[in-house]
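The values are calculated or read from the model by the stated rules, or taken from the named source; none is laboratory data. Model, not experiment: these values are computed from the prediction. Methodologically, a virtual Cβ is constructed for each residue, glycine included, from the backbone with ideal geometry; neighbour enumeration extends over all protein chains shown.
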Protein chains: 2
Amino acid sequence: MNSKLRILPLGGLGEIGKNMTCIEYDDQIILIDCGIMFPENDMLGIDYIIPDFNYLLDKLDQIQAVLFTHGHEDHVGAVTHLMQTVKAPIYATPLTAGLLRVKLRNAKLLADTEIFEIQAGDTLSIGHFTVEPFHMAHSIPDCVGFGITTPAGLIVHSGDYKFDHTPVDGWPPDFAKLAEFSQRGVMCLLADSTNATRRGWTQSETLITEAMDEVFDEATGRIIVATFASLISRIQQVGDAAIKHGRKMAVVGRSMKDNVRMALEMGYLDLPEDLIVDLDAARKLPNSKIVYMVTGSQGEPTSVVGRLAWNRSRSLTLEAGDTVVLSAHTIPGNEETVTRIINRLFHLGANVVYEDLTNVHVSGHASREEMKLLINLVRPKYLIPVHGELRHLVAHARLAYDLGVPEENVAIIENGTPVEMDSEGLEIKERLKGGYIYIDGSGEGGDVTRRVLRDRERLADSGFFVMGVPTQKREITGEIEFITRGYLNLEDELFDGVEHVIREVVNRHGAKKTGDQLSHLIEESVIRYLHEETGKRPFVFVILK
Amino acid sequence: MNSKLRILPLGGLGEIGKNMTCIEYDDQIILIDCGIMFPENDMLGIDYIIPDFNYLLDKLDQIQAVLFTHGHEDHVGAVTHLMQTVKAPIYATPLTAGLLRVKLRNAKLLADTEIFEIQAGDTLSIGHFTVEPFHMAHSIPDCVGFGITTPAGLIVHSGDYKFDHTPVDGWPPDFAKLAEFSQRGVMCLLADSTNATRRGWTQSETLITEAMDEVFDEATGRIIVATFASLISRIQQVGDAAIKHGRKMAVVGRSMKDNVRMALEMGYLDLPEDLIVDLDAARKLPNSKIVYMVTGSQGEPTSVVGRLAWNRSRSLTLEAGDTVVLSAHTIPGNEETVTRIINRLFHLGANVVYEDLTNVHVSGHASREEMKLLINLVRPKYLIPVHGELRHLVAHARLAYDLGVPEENVAIIENGTPVEMDSEGLEIKERLKGGYIYIDGSGEGGDVTRRVLRDRERLADSGFFVMGVPTQKREITGEIEFITRGYLNLEDELFDGVEHVIREVVNRHGAKKTGDQLSHLIEESVIRYLHEETGKRPFVFVILK
């Protein structure tokens, strides 16, 4: 029996402990969150990435619960992949549960999944653990962190948070609960590190209300606001501005519509019924009387904004004089796509309002001063910085040292590295194998190995060059067939040169070699020739006819 | 005869008027700068982009001069492509001329190129034009802007600049000259818009001196500073810090070495001879006595820092306790690569100092308050915002309106759009065709069309799937050969399924169709089948054997 508490962040490269965290004591496991990561630019053709659940496969019986902190994709997006394997019940606050249900229903997993709706302030007894969700403020309502009392001690998981005293839903973070944990004595704090390199205190979400007001004041034409479909608070703010300025609101895009309907039904959006009109009604209104709520703040080409920018939207066409508001932070890696869309929208005559000189978005995460406050409020013995890239964890750790947390009590770990602890000390164990699974394909799709990714990289750089060569023993008996894509703009001389190379190889070796050997020799010679002539190495294959 | 002055920014998409500007009056042309652009993430396999010179081809005789503002790649990098076609003389300040000579020598074009070394303060008579280079401060020494007196009026081109009162080389911008232009009356100002969305005043380069001092103070192991090979001022600052803290300096990487040697010879670097040691000598020094100057601030995998991060450097291996300083701005689009390298260096145990909480880099471009000062100093009739993406030009233009420049006197144009002007007014003409040329291939290489790029995109997403099918009329006479790369991890069943599809098509149509028709039918059926099974559409080709 292991009498130590084991904490293991699972998930992709990039942000640590963001997508999934595994809390393990003795023979019982609690999972926190199960989100997706967006692929980086060089993960070609990948739609998204999910945590590698391999570690859990021979411990499935031990999993007591899956707790969710809030409803953003990087925390809930992989739930359908998880619930195909894991049979434990889900615990989530009502809004998060609502968002989870939509996903599980679409994947036909809802009937088999047990979901308990919890409230901040509850005390849940789950196996060895006592779980106390507490309210935190973030950019989505109904966001919680967890106090988890284990036989080894109390741990506190911040979830995504900012210390926003004036959040959109009027429900500030539960400072009292954090102080109470502190009085009981906290063994370990897992805390959000996203903005660990950002000085000061993150601005309140209410700042956006003022910025939005200004935008509505100045706009004479239509207003189109793009944000994440799950940013419920932002939709509320735009709705409020619309009411104030006498505009109706139309919601475009399926995910946005689904979420708005659900949030209205559950009371997380407080908007009058007659505010929201459908697209047909919206089109009949004067330009100065309508605001469109759309997706596409990340420049996704298939989103509403993406299609607007490239004139490919059936439902909406951009007009000169429109105001487009991008009200979301650009996810690292999307900067280029987003700025290209912004330039493109300006090119089409729109006024584009984005995170440059205006406050149409503020971060949902705590900055350095808030991070200090959290540590001093909770006064944990150990700190595990989570939710951030390694560089953010390091910055978070250094900030903790400045507050007097001893270096040996801070564990800077990467995904797949377990930490074990008890009151005696903290031990970082060896990193597990595996880590993440690339999900590719719009249908059932499949996972993709690094091998396939490397091949895609080479294809993206140099394309391929396939030759059908009709041979009989030592002779070429007909015309050579060339198939090439993604290589270069090729001149006829190059094909003549390749043909010459092939003839030489066949003449010299044709009689003595097997078909496979001959193919291989031709391929080698052609690769060499193409590299000499063009400096590039496409995939080269021969099919002997 | 056209009595209007024509200004035409040439170059890629992205930043406007950055890489090359064409000033035309009557039958005479002056070119300013000739730089390269770095490809965006989705320009797969592209090394760099050069301006499309097509517009100049039937005006080659009219080109009087090629003026260069300063020696950075985005202003000089395409000179060898230009000088293969254009025979006009080059005018550049000594350091810029030195950097140009290196490039022209490597391309064996130096002997055929006439280079006039100019000084800020000179007055040059070039055809219809009187050219007055004036000193500006930027992040490289010997940087100038140009006053160009044309028969239509005086234009002022700012070049890349910031109003740095304490630049590293001690030579502040020539405010007096700008004021003098103003007194003479300026028809048109072309001004740097890079930081048009940045409030305030850009910090002085000397701030870096303090930050560097702090880094050297705290480092106990080796220090490795990465920056652009052409950031001569930064190399001076690191050298100064090394002297102060009793370290020697080793320069790693060919381009960095070449530039340091040249700058030392020409006096642009003021460092004692015994400061710089070679790699062998550096390795023998204690870790606390050496600083390495290297390239790779943009995370390029083949740069010194890139190789350090992935343990692939022959000359230098990272050790725990090393301090790595990334002293350069991350070029938009490189954010992901750079942060990955930073995380990787932390992972290897290095301390990484970068643009987060320290001042190891400041921008080389003017911020909004400086941009206002430039406009009010020069008091131009017309303004053409240049050097920035469209969104920056728009922000720059709005800033000018706030200063009282009438909207009709500001031309927001994109590359390839000519502006014509005289004292009566400003006219934006129709955009020319063409724009940029993708350069691909390490050897002679070739240019690449959008078609090839689109194919690479599809290959990167879905790969290819080629089948060699042995047929005789209606029958398949042997085993089908499959070649696939970059598609998915495929199970045997999928190949069985494809084989089944092929057999069906051959059975049904084999007897009646030509080979080409049959291939086409097979390809269509297989594409449909693969898409149904996997949701992806790889390139599919058949070779009948």
Restricting the search to the range A:302-321, which residues are surrounded by 24 or more Cβ atoms within 10 Å (Cβ to Cβ) and touching a Ser or Thr at 6+ places or on another chain (Cβ under 8 Å)? A:Val305, A:Leu308
Residue identified as modelled with pLDDT of 95 or more, β-branched (Val, Ile, Thr) and under 30 Å from B:His75 (Cα atoms) among B:Val277, B:Val260, B:Val238: B:Val238
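Which of the residues that make up the range B:187-208 are farther than 20 Å from B:Asp74 by Cβ and part of a loop (DSSP other than H, G, I, E, B)? I'd like the intermediate steps shown before the answer.
Initial filter on the range B:187-208 (farther than 20 Å from B:Asp74 by Cβ): B:187-189, B:199-201, B:203-204, B:206-208.
Listed by number, the residues that qualify are B:Met187, B:Arg199, B:Gly200, B:Trp201, B:Gln203, B:Ser204.
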Residue list for the range B:363-391, restricted to those being in a helix (DSSP H, G or I), modelled with pLDDT under 95 and in contact with a strand residue (DSSP E or B) (Cβ under 8 Å, 6 or more places away or on another chain): B:Arg391
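Rundown of residues vs (1) modelled with pLDDT of 90 or more; (2) closer than 23 Å to B:Phe541 by Cα; (3) touching a Gly at 6+ places or on another chain (Cβ under 6 Å), yes/no style:
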| position | (1), (2), (3) |
| --- | --- |
| A:Asp461 | no, yes, yes |
| A:Ile480 | yes, yes, no |
| A:Glu524 | yes, yes, no |
| A:Tyr529 | yes, no, no |
Being surrounded by 21 or more Cβ atoms within 10 Å (Cβ to Cβ), more than 7 Å from every other protein chain (Cβ to nearest Cβ) and within 21 Å of A:Arg198 (Cβ to Cβ) is the filter here, so list the residues in the range B:341-351 that pass it. B:Ile341, B:Leu345
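Can you tell me which of B:Asp213, B:Asp240, B:Asp192 is surrounded by 23 or more Cβ atoms within 10 Å (Cβ to Cβ) and among the charged types (D, E, K, R)? Spell out how you get there, then give the answer.
Working: B:Asp213 fails: surrounded by 23 or more Cβ atoms within 10 Å (Cβ to Cβ); B:Asp240 fails: surrounded by 23 or more Cβ atoms within 10 Å (Cβ to Cβ).
The unique qualifying residue is B:Asp192.
Among the strands (runs of 3 or more DSSP E) confined wholly to the range A:429-545, which include 2 or more residues that are among the β-branched types (Val, Ile, Thr) and touching a helix residue (DSSP H, G or I) at 6+ places or on another chain (Cβ under 6 Å)? It would help to see each step written out before you state the result.
Details: elements: A:436-440, A:446-448, A:464-469, A:481-485, A:539-544.
Because the criterion is at least 2 residues that are among the β-branched types (Val, Ile, Thr) and touching a helix residue (DSSP H, G or I) at 6+ places or on another chain (Cβ under 6 Å), the strands (runs of 3 or more DSSP E) in the range A:429-545 that meet it are A:539-544.
State whether the residues of the range B:369-378 include one that is under 20 Å from the mean Cα position of the chain (by Cα) and surrounded by fewer than 18 Cβ atoms within 10 Å (Cβ to Cβ).
Taking the range B:369-378 first, the residues under 20 Å from the mean Cα position of the chain (by Cα) are none.
Within the range B:369-378, not a single residue is under 20 Å from the mean Cα position of the chain (by Cα) and surrounded by fewer than 18 Cβ atoms within 10 Å (Cβ to Cβ).
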Of the residues in the range B:299-338, those that are within 14 Å of chain A (Cβ to nearest Cβ), of a type in the set (Ser, Thr, Tyr) and without any contact (Cβ under 8 Å) to a residue 24 or more places away in the chain come to B:Thr302
Would you call A:Gly299 more than 19 Å from B:Thr197 (Cβ to Cβ), buried (at least 22 other Cβ atoms within 10 Å of the Cβ) and touching an Asp or Glu at 6+ places or on another chain (Cβ under 9 Å)? no
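How many residues does the range B:244-274 contain that are free of Cβ contacts under 8 Å to residues at least 40 places away in the same chain and surrounded by 15 or more Cβ atoms within 10 Å (Cβ to Cβ)? It would help to see each step written out before you state the result.
The first filter runs over the range B:244-274 and keeps only residues free of Cβ contacts under 8 Å to residues at least 40 places away in the same chain, leaving B:244-245, B:254, B:256-257, B:260-261, B:264-265, B:267, B:269-274.
Filter once more, so that each one left must be surrounded by 15 or more Cβ atoms within 10 Å (Cβ to Cβ): B:245, B:256-257, B:260, B:264, B:269, B:271.
Of the residues in the range B:244-274, 7 are free of Cβ contacts under 8 Å to residues at least 40 places away in the same chain and surrounded by 15 or more Cβ atoms within 10 Å (Cβ to Cβ).
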Which numbered condition A:Ile46 fails, given (1) under 30 Å from B:Pro538 (Cβ atoms); (2) modelled with pLDDT of 85 or more: (2)
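Could we say that B:Val324 is more than 30 Å from B:Ile32 (Cα to Cα), at pLDDT 95 or above and surrounded by 18 or more Cβ atoms within 10 Å (Cβ to Cβ) here? If you could, list the steps in order and put the result at the bottom.
Details: more than 30 Å from B:Ile32 (Cα to Cα): yes; at pLDDT 95 or above: yes; surrounded by 18 or more Cβ atoms within 10 Å (Cβ to Cβ): yes.
Taking the combined requirement at face value, the residue satisfies it.
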Consider B:Pro380 against the criteria (1) within 14 Å of chain A (Cβ to nearest Cβ); (2) within 30 Å of B:Glu180 (Cβ to Cβ): it satisfies all of them except one. Which criterion is unmet? (1)
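Could you list, in sequence order, the residues of the range B:30-58 that are within 13 Å of another protein chain (Cβ to nearest Cβ) and among the charged types (D, E, K, R)?
Filtering the range B:30-58 down to residues within 13 Å of another protein chain (Cβ to nearest Cβ) leaves B:37-47.
Hits for the range B:30-58 are B:Glu40, B:Asp42, B:Asp47.
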Based on this model, can you work out whether B:Glu491 counts as within 14 Å of another protein chain (Cβ to nearest Cβ), among the acidic types (Asp, Glu) and over 16 Å from B:Lys536 (Cβ atoms)? no
Could you run through the range B:340-366 and say how many residues are out of contact with any Asp or Glu (no Cβ under 6 Å at 6 or more places or on another chain) and either among the basic types (Lys, Arg) or without any contact (Cβ under 8 Å) to a residue 60 or more places away in the chain (or both)? 14
Odd one out for A:Gly404 among (1) over 24 Å from the mean Cα position of the chain (by Cα); (2) assigned to a loop (DSSP other than H, G, I, E, B); (3) within 14 Å of another protein chain (Cβ to nearest Cβ): (3)
Count of residues meeting criterion [polar (S, T, N, Q), buried (at least 24 other Cβ atoms within 10 Å of the Cβ) and either without any contact (Cβ under 8 Å) to a residue 40 or more places away in the chain or part of a strand (DSSP E or B) (or both)] in the range A:16-53: 1
Out of the range B:169-186, which residues are touching a residue at least 60 places away in the same chain (Cβ under 8 Å), within 30 Å of the chain's Cα centre (by Cα) and assigned to a loop (DSSP other than H, G, I, E, B)? B:Asp169
Pairing a residue in the range A:367-389 that is aromatic (Phe, Trp, Tyr) with any residue that is in a helix (DSSP H, G or I), where Cβ atoms lie under 9 Å and the two sit 6 or more apart in sequence or on different chains, gives A:Tyr382/A:Asn409
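Right, A:Lys513: within 11 Å of chain B (Cβ to nearest Cβ) and surrounded by 13 or more Cβ atoms within 10 Å (Cβ to Cβ) or not? Quick ask: steps written out before the conclusion?
On the way: within 11 Å of chain B (Cβ to nearest Cβ): no; surrounded by 13 or more Cβ atoms within 10 Å (Cβ to Cβ): yes.
Spelling it out, it is not the case that A:Lys513 is within 11 Å of chain B (Cβ to nearest Cβ) and surrounded by 13 or more Cβ atoms within 10 Å (Cβ to Cβ).
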Would you check which residues across the range A:452-486 are in contact with a strand residue (DSSP E or B) (Cβ under 6 Å, 6 or more places away or on another chain) and facing another protein chain (nearest Cβ under 7 Å) and list them? A:Asp455, A:Gly463, A:Phe464, A:Val466, A:Gly468, A:Glu481, A:Ile483, A:Arg485
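This table checks each residue for (1) among the acidic types (Asp, Glu); (2) within 11 Å of A:Thr471 (Cβ to Cβ).
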position	(1), (2)
A:Arg508	no, no
A:Thr514	no, no
A:His520	no, no
A:Ser525	no, no
A:Arg528	no, no
A:Glu532	yes, no
A:Lys536	no, no
A:Phe541	no, no
A:Leu544	no, yes
Scan of the range A:516-542 for residues that are crowded, with 21+ Cβ neighbours inside 10 Å and either away from chain B (no Cβ under 11 Å) or farther than 20 Å from A:Ser462 by Cα (or both), ordered by number: A:Leu518, A:Ile522, A:Val526
